[in-house]
């Protein structure tokens, strides 16, 4: 799965699981704004890393 830094313009967390020979893909809302604020508060991190969480790119 992928949490944070998605590349498909969908900012929800995602994961997949297999059950009975079927693959299931799940998307969940998460508090990306708080995650972005933590990135913005770190001077050694580029603000772009936080902005991409909202954009899903």
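Using helices alone, I'd like the mean residue ellipticity at 222 nm for the chain: each DSSP H run of four-plus residues gives -39500 (n - 2.57), total over residue count, nearest 500. Walk me through the numbers before you get to the answer.
Numbers: 2 runs with 18 residues, N = 57.
Counting only the DSSP helices, I get -9000 deg cm²/dmol.
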In whole angstrom, largest first, the equivalent ellipsoid semi-axes that the Cα gyration tensor gives for the chain are 27, 10, 9
In this structure, the FRET efficiency calculated for residue 27 and residue 55 from their beta-carbon separation, with R0 = 25 Å, to the nearest 0.05, is 0.95
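Laboratory data are not the source of any read-out in this text; all were calculated from the coordinates shown. Bear in mind that the values here come from a model prediction, so they are computed numbers and not experimental data. As a convention, Cβ positions derive from the backbone with ideal geometry for all residues, glycine included, and neighbour counts pool all protein chains shown.
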